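Enquirer: Below is a structure I'd like to ask you about.
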Amino acid sequence: MGVYMRNNLLSLVLGVCLLVGCEAGTSSTGESDAATVIVPTIVLSQDAPVTETPSPLVVTKPDDPLVVLLYRDGVLARTDVAGSAVEPVAKPLGAVGDTVWLYFWTNSPQISLDGRYLITSTSVSSSRGKWQVTDLQTGEEVASGQGQSRLSPTWNPDSQQFAYLVEEQVCIFDLAEQTETCVTLAPDLIGASWSPAGDYIAVAQANFSEEGATGQVWLLQTTTKTAEKIGTFETPLEATVNDAFEWTDDGSGLLIKSTHEEVASLLYRVDEGTTLPFSQPVHSLSPNGQYILYRAGAVGPVAGGIAYTLPVNESCMQPKLGLHNWDWSPDGKNLAYLLSCAEVPLTSWLSVLNASTGELLWQQEIANLPGNTYPIEFVYWSPDGAYLLLDEPDELYEGQRQLSPVWRVLADGSGLSEVVTDAGFLLGAVSQWEP
């Protein structure tokens with residue numbers, strides 16, 4: 001299944017899962033004082049039933065830091081970029097099912113900024129979801145609880161608190177105190193993201209009774225517990241929190257994304273309270289905050305304008321942005337992009353470009369890799385910028401297929417693809433696990 005077909009299926013399958021609940025999947029500006037209440041939804045670790053936890057022991061001594069997060073052998077695990085050791089860390093809370101990429105796209109694991117804690121979550125019905133926090137140093141569960149189907153857990157930069165959604169509320173859980181404070185905000189909340197500066201939580205609100213609903217973005221001040229509407233976005237039925245907004249690395253700006261030109265994508269400056277509109281729907285912001293990746297496959301400076309478009313070829317003549325077939329380098333200077341299409345079902349072209357000028361630094365054709373059923377459609381930079389990690393969107397078809405290998409390529413393009421692990425689904429590279 002090529003990237004075009006998969007993106008069409010995403011709109012149908014992911015939208016249904018978010019509306020009815022799938023275990024195998026996941027305005028004007030004004031200010032208001034939000035009521036603060038305590039809602040007893042948590043289950044403290046000392047009262048929680050004992051759950052089976054995979055052994056945290058590393059099977060062999062790793063060559064490098066365990067910075068690669070993946071799913072394999074029924075558990076979440078981490079390994080180094082060479083795959084020299086695999087450490088199981090936690091079990092998924094729900095049944096992953098055959099469509100592995102869909103489950104983890106809707107139930108993305110969340111790592112605390114100090115790298116110590118892992119939140120796993122899942123939707124159990126159309127109205128309810130559950131979460132669990134694991135201490136990665138001890139392998140023990142330290143807290144668990146429940147909320148709405150779209151939980152959207154997000155960490156405070158201090159790694160001692162996280163927020164999640166419960167109906168019309170944003171709930172903030174404190175690990176040390178084992179308590180939570182819930183702030184009533186608005187109905188139809190779909191996502192939350194804590195600012196890297198720690199002072200605000202961005203919250204997305206949208207009604208999915210109609211396709212292409214216009215959503216609202218709120219900023220919740222974490223000290224005063226007051227909330228303010230700051231913008232709107234045009235959201236598809238299958239929208240996740242990453243489709244709604246994205247913080248700049250320093251927390252000074254919030255990128256509000258829209259999928260249609262009728263509702264402009266905006267960069268909201270928190271300190272100034274001003275907005276910078278964009279001429280096209282926006283897909284992502286570079287880590288250094290200097291470049292914008294547009295949904296149509298173009299790249300330009302934040303100040304405006306188009307600098308270049310992503311590369312195509314005679315086989316695949318149109319750039320297409322999928323779930324994670326692109327990634328900025330850790331320093332934001334380069335952009336990696338995977339081109340694939342239905343016309344060439346088992347081939348991808350991996351390109352690395354200068355993020356500022358669009359200069360093609362190198363390109364490599366990746367075709368018919370051993371153990372792969374689909375083209376490579378996921379790419380992540382290693383935290384040190386030395387490698388690009390690659391995977392396909394694993395679909396198992398009632399157990400008839402195994403998880404595909406995870407691959408790596410030197411980031412300078414000087415080598416061929418090498419296996420990191422012979423079977424697994426790549427969930428990303430975690431910079432917090434660097435020493």
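Enquirer: Only one of these conditions is not met by GLY74: (1) surrounded by fewer than 21 Cβ atoms within 10 Å (Cβ to Cβ); (2) on the phi < 0 side of the Ramachandran plot. Which number is it?
Expert: GLY74 satisfies every listed condition except (2).
Enquirer: Within the stretch 188-197, does at least one residue satisfy the condition of being hydroxyl-bearing (Ser, Thr, Tyr) and assigned to a loop (DSSP other than H, G, I, E, B)?
Expert: Our first condition is that a residue be hydroxyl-bearing (Ser, Thr, Tyr); within the stretch 188-197, this holds for 193, 195.
Filter once more, keeping what is assigned to a loop (DSSP other than H, G, I, E, B): 195.
Yes, that holds for at least one residue.
Enquirer: For residues that are among the acidic types (Asp, Glu) and in a loop (DSSP other than H, G, I, E, B), scanning just the stretch 136-180, find the one that is nearest to LEU93 (Cα to Cα). If you could, list the steps in order and put the result at the bottom.
Expert: As a first pass, look at the stretch 136-180 and keep what is among the acidic types (Asp, Glu): 140-141, 158, 167-168, 174, 177, 180.
Pick out the ones that are also in a loop (DSSP other than H, G, I, E, B) and you get 158, 167-168, 177.
Numbers: ASP158: 25, GLU167: 20, GLU168: 24, GLU177: 24 Å.
Ranking the candidates gives GLU167 first.
Enquirer: Given the conditions (1) within 19 Å of ASN242 (Cα to Cα); (2) more than 19 Å from the chain's Cα centre (by Cα), report the number of the one that GLY74 does not fulfil.
Expert: Tallying (1) within 19 Å of ASN242 (Cα to Cα); (2) more than 19 Å from the chain's Cα centre (by Cα), GLY74 fails exactly one: (1).
Enquirer: Given the conditions (1) over 25 Å from ASP80 (Cβ atoms); (2) surrounded by fewer than 21 Cβ atoms within 10 Å (Cβ to Cβ), which single one is not true for ASP412?
Expert: So the condition that ASP412 fails would be (1).
Enquirer: Moving on to the next point. When LYS320 is evaluated against the numbered criteria (1) buried (at least 19 other Cβ atoms within 10 Å of the Cβ); (2) in a strand (DSSP E or B), which criterion, by number, is the only one it fails?
Expert: Unmet for LYS320, out of (1) buried (at least 19 other Cβ atoms within 10 Å of the Cβ); (2) in a strand (DSSP E or B): (2).
Enquirer: Okay, moving on. Filter the stretch 323-355 down to the residues that are within 23 Å of VAL100 (Cβ to Cβ) and part of a loop (DSSP other than H, G, I, E, B) and list them by number.
Expert: Across the stretch 323-355, the qualifying residues are LEU323, ASN325, ALA342.
Listed here are the residues, each with its yes/no results for (1) touching a Pro at 6+ places or on another chain (Cβ under 6 Å); (2) modelled with pLDDT under 50; (3) not small (Gly, Ala, Ser).
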{"residue": "SER32", "(1), (2), (3)": "no, yes, no"}
{"residue": "THR36", "(1), (2), (3)": "no, yes, yes"}
{"residue": "GLN46", "(1), (2), (3)": "no, yes, yes"}
{"residue": "LEU69", "(1), (2), (3)": "no, no, yes"}
{"residue": "ALA85", "(1), (2), (3)": "yes, no, no"}
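Enquirer: What about GLU262, is it surrounded by fewer than 18 Cβ atoms within 10 Å (Cβ to Cβ), at pLDDT 95 or above and in a loop (DSSP other than H, G, I, E, B)?
Expert: Numbers: surrounded by fewer than 18 Cβ atoms within 10 Å (Cβ to Cβ): yes; at pLDDT 95 or above: no; in a loop (DSSP other than H, G, I, E, B): yes.
For GLU262, the condition - surrounded by fewer than 18 Cβ atoms within 10 Å (Cβ to Cβ), at pLDDT 95 or above and in a loop (DSSP other than H, G, I, E, B) - is not met.
The values are calculated or read from the model by the stated rules, or taken from the named source; none is laboratory data. Keep in mind it's a predicted model, so treat the numbers as computed, not measured. Every residue, glycine as well, gets a Cβ built from its backbone with ideal geometry; the counts of neighbours run over all protein chains shown.
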